[in-house]
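**Student:** One structure, pasted below without further comment.
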Amino acid sequence: MVLGIETSCDETAAAVVDENFHVRSSVVESSLDQHRAFGGVVPELAGRAHVATIAPVIRRALDEAGLDHLAPALEGVAVTNGPGLIGSLLVGLSSAKALALVWDVPFVGVNHLEGHLFAPLLESTGLEWPLMTLLVSGGHSLIVLQRGPGEHEVLGETIDDAAGEAYDKVARWLGLGYPGGPEIDRLAGEGSSNALKLPVSMIGEDLDLSFSGLKTAVVRATERHPEISVSDVAASFQFALCEQLLRKLRQALGRYDVKGVALAGGVAANSALRAGVTNLAKEFGLVAHLPTMAMCTDNAAMIAAAGLYRLRASGASGLDLSARPNWQLADVS
Ligand code: KG4
Ligand code: ZN
């Protein structure tokens, strides 16, 4: 079994996963409530919350997996060491190093985005590769070809904002709470996607994504048409954003021979995106891997899974490993 620890943003998480990728325990605490009033995650508050929460969260993950606190039978301790907020990453990283040292077990650093890519392994039995994965969160938006566990090629990524970031910024503009994704998703269900004509960006041949133009278009259009209801704006925005993601995913699926298509990251909770990916999978005769809500958002089970793979494929990390706030998925090896 591997203990995973995740503290890259506002979730303090610890989980135990066994060598068959079964989740033995997964504990997630979030400091989200402390950030709502500010319209986004405040790094200093997130870091302090991690310090207060990390030990009890790890203790619960060990207890729920039936592991001893003093000498747990672990193959290793895995921790996210990037990308993420530096002050938050350091809390998890220092904790993982200390525990690995005291327990005398191997320690391994994991890339947070590679962690998200391991989510389907934890939820689908008999997973067949290659997989085409759309990884969309508040901080990242990528189309990734996964040839096998830990074998990934970034085919395209956002050149400006992340998809979740666009949701959060548009929600803020519309006077909705943070995070904006769930609320826009709900309102979109009550509105008409034809109400506003918004541009679908990045219609060229490459697989990169872009959302900042769409956000600006929403601002301009709502200034020009203040009479349009919030739910109509939400529906029109959601349609344009998902349309771009689905068009790019269709282009990617047309170019590479894969067995399945997967969603990952917080925006994978989006109802329109899930429906669109389900349809795309049918169109191409593929298995759709849609994570449960708990597996869409940040958790430590996916970090433990990636850590188990990395420990066996690349070996343990040194205890001098540093946090890498800007670590790109393409630089993982
Ligand atoms: O992966 P995540 O929990 O955190 C990171 O960014 O790493 O993703 C959070 C993002 C937020 O931007 C939030 O607005 C978005 O995911 N989100 C959604 C939905 N639920 C969460 N976006 C669109 N539709 C949703 N239903
Ligand atoms: Zn994430």
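The values are calculated or read from the model by the stated rules, or taken from the named source; none is laboratory data. This one's a predicted model, so the numbers in the text were calculated from it and none came from an experiment. Note that we place each Cβ from the backbone using ideal geometry, even for glycine, and neighbour counts take in every protein chain shown. Quick note on the areas: whole protein, heavy atoms, side chains included, nothing else; ligands and nucleic acids left out. Shrake-Rupley method; radii C 1.70, N 1.55, O 1.52, S 1.80 Å.
**Student:** In degrees from 0 to 90, rounded to the nearest 10, what is the angle of the helix 301-314 Cα long axis to the longest principal axis of the chain?
**Tutor:** Orientation of helix 301-314: about 60 degrees from the principal axis.
**Student:** May I pose another question? Describe numerically, in nm with one decimal, the distance between label points set 7 Å from Cα along Cα→Cβ at E128 and at T278.
**Tutor:** Each label point is offset 7 Å from its Cα along the Cβ direction, giving 2.1 nm.
**Student:** Return one number: the angle in degrees, 0 to 90 and rounded to the nearest 10, between the long axis of the Cα atoms of helix 271-284 and the longest principal axis of the Cα atoms of the chain.
**Tutor:** That works out to roughly 90 degrees.
**Student:** Continuing with this model, one more query. Could you give the length gained by full extension between S333 and V200, i.e. 0.36 nm per residue of separation minus their alpha carbon distance, to one decimal place?
**Tutor:** On the way: separation 133, 0.36 × 133 = 47.88 nm, distance 3.41 nm.
Between S333 and V200, full extension yields an extra 44.5 nm.
**Student:** Another question, then. Whole number in Å², please: accessible area per residue of the chain, 1.4 Å probe, ligands, DNA and RNA not counted. Don't skip to the end; give the middle numbers.
**Tutor:** Details: 13840 Å² over 333 residues.
With the other protein chains kept in place, the chain gives 42 Å² per residue.
**Student:** With every protein chain left in place, what is the accessible area of V136 in Å² (1.4 Å probe, nearest 10)?
**Tutor:** 0
**Student:** Give me the percent of accessible area attributable to carbon and sulfur for the chain, probe 1.4 angstrom.
**Tutor:** Working: 7250 of 13840 Å².
The C+S portion of the solvent-accessible surface of the chain is 52 percent.
**Student:** Please name which of S141, S229, L249 has its Cα lying farthest along the dipole of the chain towards the positive end, using unit charges on Cβ (Lys, Arg +1; Asp, Glu -1) and the Cα centre as origin.
**Tutor:** Farthest towards the positive pole: S229.
**Student:** Dipole of the range 158-268, Cα-centred, from +1 at each Lys and Arg C-beta and -1 at each Asp and Glu C-beta, to the nearest 20 debye? Please list the in-between numbers first.
**Tutor:** Working: 12 positive and 15 negative charges, 32 e Å.
Computed charge dipole of the range 158-268: roughly 160 debye.
**Student:** Shifting gears a bit: Could you tell me whether the range 129-293 comes out rounded, prolate or oblate from its Cα gyration tensor? Rule is a ≥ b ≥ c as square roots of the eigenvalues, rounded for a/c under 1.5, then prolate if a/b exceeds b/c, otherwise oblate.
**Tutor:** On the way: a/c = 1.98, a/b = 1.87, b/c = 1.06.
Prolate, because a/c is 1.5 or more and a/b exceeds b/c.
**Student:** Once you place label points 7 Å from the Cα toward the Cβ at I86 and A294, how far apart are they in nm?
**Tutor:** Distance between label points: 3.5 nm.
**Student:** Return the sequence-ordered ³J(HN,Hα) values of the range 166-181 in whole Hz as given by the Karplus equation 6.51 cos²θ - 1.76 cosθ + 1.60 applied to θ = phi - 60°, using x for Gly and Pro.
**Tutor:** 4, 4, 5, 6, 5, 4, 5, 4, 7, x, 8, x, 10, x, x, x
**Student:** For the range 23-171, what does the alpha-carbon gyration tensor say about shape, rounded, prolate or oblate, given a ≥ b ≥ c as the root eigenvalues, a/c under 1.5 as rounded, and a/b over b/c as prolate?
**Tutor:** Numbers: a/c = 2.03, a/b = 1.17, b/c = 1.73.
Oblate shape, in that a/c is at least 1.5 and b/c is the bigger or equal ratio.
**Student:** Convert each backbone phi in the range 294-300 into a coupling constant with the Karplus relation 6.51 cos²θ - 1.76 cosθ + 1.60 (shift: θ = phi - 60°), then list the ³J(HN,Hα) values in order as whole Hz, x for Gly and Pro.
**Tutor:** Result, ordered by residue: 5, 8, 5, 8, 4, 8, 9 Hz.
**Student:** Quick check for me: using +1 on Lys/Arg Cβ and -1 on Asp/Glu Cβ, what's the dipole size of the range 247-333 about its Cα centre, in debye to the nearest 20? Intermediate values should be presented prior to the final figure.
**Tutor:** On the way: 10 positive and 5 negative charges, 67 e Å.
About 320 debye.
**Student:** Tilt of helix 212-224 relative to the longest C-alpha principal axis of the chain, in degrees (0 to 90, nearest 10)?
**Tutor:** 40
**Student:** Only helical DSSP H runs with n ≥ 4 go in: add -39500 (n - 2.57) per run for the chain, normalise by residue count and round the 222 nm mean residue ellipticity to 500 deg cm²/dmol.
**Tutor:** On the way: 12 runs with 146 residues, N = 333.
It lands at -13500 deg cm²/dmol.
**Student:** How many nm separate the modelled label positions at H225 and D18, each set 7 Å beyond the Cα in the direction of the Cβ?
**Tutor:** The modelled label-to-label distance comes out at 5.6 nm.
**Student:** Provide the gained length on full extension for the span V51 to R172, in nm with one decimal, where the gain is 0.36 nm per separating residue minus the Cα-Cα distance. Intermediate values should be presented prior to the final figure.
**Tutor:** On the way: separation 121, 0.36 × 121 = 43.56 nm, distance 2.89 nm.
40.7 nm is the gain from fully extending V51 to R172.
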